[in-house]
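Engineer: Let me begin by handing over the structure; questions about it come next.
Every number in this text was worked out from the coordinates using simple rules, so none of it is lab data. The model shown is predicted, which means the values in this text are computed figures rather than measured ones. Backbone-built Cβ (ideal geometry, glycine too); neighbour counts: all protein chains shown.
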Amino acid sequence: MAKVLIVYGSGYGQTQKIAEFIAKRLRERGNEVDIVFGKRLPRNLSPETYEAIIVAASVRSMKYQKYIVSFARTHCQLLQKLPSAFVSVSMAEAGGGFQTSWLEKFISDSGWKPAIFRSFAGALDYRKYNFITRMIMKKIAQKTRMNTDTSANHEYTDWDKVKKFADEFADTVA
Ligand SMILES: Cc1cc2nc3c(=O)[nH]c(=O)nc-3n(C[C@H](O)[C@H](O)[C@H](O)COP(=O)(O)O)c2cc1C
């Protein structure tokens, strides 16, 4: 059993949902898990009191959240030392178009080279976007042959893949 910290970045909630799923699975496997939103880190958070850390972020305009890069930079030595993983959430993953340059930029900006990296497909949350974002995302969806029905949200996350990752991480920290 390990004490695990999950720090996530999320714009419309899909990475939060994935992070919560991983937390639930790790708890089921007997771990103690704290999950925090990277944009509003608790003042008393002490990452060094954890035995393993998972950092999750979503891609927005080809970049991960700045506050997640900042968390990784601040704690890069600890992340390098502990069992840790970086989880990426993007729509490109759904179409097989994940860009390794996003990860390379994250590594060069944060100084943390994650030993474990997983990329999961996110969601097209049309109902949560404002008008402009909805139109932009619809255009991108048209080009990439994703769902263009803006009257609903469309989830592309492969939950079996997320569960497999959580189980592998649980094995790593066991
Ligand atoms: C404004 C906006 C920009 C996005 N830019 C990208 C992008 O550059 N590449 C990509 O693969 N996905 C992109 N996405 C898709 C998101 O990564 C995907 O919707 C993900 O589920 C968002 O997770 P979140 O709700 O946790 O932020 C973008 C989504 C939005 C709304």
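Engineer: Given K17/K138; K3/K24; K66/K113; K105/K128; K39/K138; K138/K163, which pairs have Cα atoms separated by over 25 Å?
Structural biologist: K105/K128; K39/K138; K138/K163
Engineer: Once R0 is set to 22 Å, what does the formula 1/(1 + (r/R0)^6) return for the Cβ-Cβ distance between T49 and C76, expressed as a FRET efficiency to the nearest 0.05? Intermediate results must be reported in sequence, preceding the final value.
Structural biologist: Values: r = 17 Å, r/R0 = 0.79.
Once rounded, the FRET efficiency stands at 0.80.
Engineer: May I pose another question? Quick check: residue separation of I140 and M1 times 0.36 nm, minus the Cα distance between them. What number comes out in nm? Write out the running numbers ahead of the final one.
Structural biologist: On the way: separation 139, 0.36 × 139 = 50.04 nm, distance 4.32 nm.
Between I140 and M1, full extension yields 45.7 nm more.
Engineer: Using the Karplus curve 6.51 cos²θ - 1.76 cosθ + 1.60 with θ = phi - 60°, what ³J(HN,Hα) values do you get for each residue of the range 53-59, in whole Hz, with x for Gly and Pro?
Structural biologist: Going residue by residue, I get 9, 10, 10, 10, 8, 10, 8 Hz, with x marking Gly and Pro.
Engineer: Follow-up. Project the alpha carbons of the range 1-75 onto their principal axes and report the range along each, largest first, in whole Å.
Structural biologist: Extents along the principal axes: 38, 24, 17 Å.
Engineer: May I pose another question? Where nothing but the Cβ of Lys and Arg (+1) and of Asp and Glu (-1) is charged, how large is the charge dipole of the chain around its Cα centre, in debye to the nearest 20?
Structural biologist: Dipole about the Cα centre, nearest 20: 680 debye.
Engineer: Name the long-range amide H neighbours of I6: under 5 Å, sequence gap of 5 or more, or other chain; modelled H, no Pro or chain starts.
Structural biologist: Amide H to amide H, under 5 Å and 5 or more residues apart or across chains, I6 pairs with D34, I35, V36, I54.
Engineer: Contour minus end-to-end for T100 and N147, with contour as 0.36 nm per residue of separation and end-to-end as the Cα-Cα distance?
Structural biologist: Gain on extension, T100 to N147, equals 14.5 nm.
Engineer: Now a separate question. Ranked by Cβ crowding within 10 angstrom, fewest neighbours first, how are F37, F120 ordered?
Structural biologist: So the ranking, lowest neighbour count to highest, is F37, F120.
Engineer: Could you work out [θ]222 nm for the chain from helices alone, using -39500 (n - 2.57) per DSSP H run of at least four and dividing by all its residues? Round to the nearest 500 deg cm²/dmol. Write down the numbers at each step before the final one.
Structural biologist: Details: 6 runs with 69 residues, N = 174.
So the calculated ellipticity at 222 nm is -12000 deg cm²/dmol.
Engineer: Could I ask something else about it? Could you tell me the calculated FRET efficiency between E168 and F131, based on Cβ-Cβ distance and R0 = 30 angstrom, to the nearest 0.05?
Structural biologist: 0.15
Engineer: Sticking with this one: Provide R134, R73, R43, R145 in ascending order of the number of other Cβ atoms located within 10 Å of each residue's Cβ, fewest first.
Structural biologist: Values: R134 16, R73 13, R43 5, R145 8.
Going from least to most buried by this count: R43, R145, R73, R134.
Engineer: For R40, R25, what's the fewest-to-most ordering of other Cβ within 10 Å of each Cβ?
Structural biologist: Starting with the residue having the fewest Cβ neighbours, the order is R40, R25.
Engineer: Additional query: Ordered by residue, what ³J(HN,Hα) values in Hz, to whole numbers, does the range 84-100 give under the Karplus form 6.51 cos²θ - 1.76 cosθ + 1.60, where θ = phi - 60° and Gly and Pro are x?
Structural biologist: 8, 8, 10, 10, 10, 10, 8, 7, 4, 4, 5, x, x, x, 4, 9, 5
Engineer: Report, largest value first, the span of the C-alpha coordinates of the chain along each principal axis, in whole Å.
Structural biologist: Principal extents (Cα only, largest first): 45, 33, 29 Å.
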